[in-house]
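Here is the structure we will look at, set down as structure tokens.
We did not get these values from a lab; they are worked out from the coordinates using the rules stated. Since this is a predicted model, take the numbers as computed values, not measurements. Ideal geometry is used to build each Cβ from the backbone, glycine not excepted, and the neighbour counts take in all protein chains shown.
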Amino acid sequence: MSLKYDIASVLARETNATIDNWYDLVEKEPSLAAVPLTRAERCAHLPEMFNDLVHRLRHPLPLGSGAHISTSAHEHGCLRRDQGYTAAMMVEESRMLQVSIFQTLQVHIEDTESGVLLLHVMAIADEVDSQLAQAMTSYISEANLDKQPELA
């Protein structure tokens, strides 16, 4: 009998490989690759996001609660706006992250406890979407500040 890991442990262990997969997807997407960023600049937010995600899986919240406030998600939204991303590009980047996470889980499905898999998949999607919503809020707030007239 093989040792089974919880989903959080698999994601913690496979964070770097999942980020690598995500980066490859992003670099192949013309609209995202058109923004000239280094690998470090493009991936800077991901280690903290994975920490938040692993924490969320280990300390469950009700789905849809959006109770976890992520400073890194806020900073990510501001940074992406400054880097020239559009709102649609941020959504696409987030979608690719979910694909990469789910591909990681698919590869390691035999290593995981399957009894809670669907619940954890829903929590992952909820957390990624919650962080996207927070990033978009800061993105839009920054855009609104730019529209305000400068005071002399």
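In this structure, Val26 does not satisfy being surrounded by fewer than 18 Cβ atoms within 10 Å (Cβ to Cβ) and among the aliphatic types (A, V, I, L, M). Scanning the range 100-118 for residues that are surrounded by fewer than 13 Cβ atoms within 10 Å (Cβ to Cβ) and not charged (D, E, K, R) returns Gln106, Ile109, Ser114, Gly115, Leu118. Within the range 39-60, the only residue that satisfies the criterion of being in a loop (DSSP other than H, G, I, E, B) and in contact (Cβ under 8 Å) with a residue 60 or more places away in the chain is Pro60. Selection over the range 25-38 of residues that are outside any loop (DSSP other than H, G, I, E, B) and either of a type outside the set (D, E, K, R) or within 15 Å of the chain's Cα centre (by Cα) (or both) gives a count of 6. Of the set (1) under 15 Å from Ser130 (Cα atoms); (2) in a loop (DSSP other than H, G, I, E, B), all apply to Glu75 but (2).
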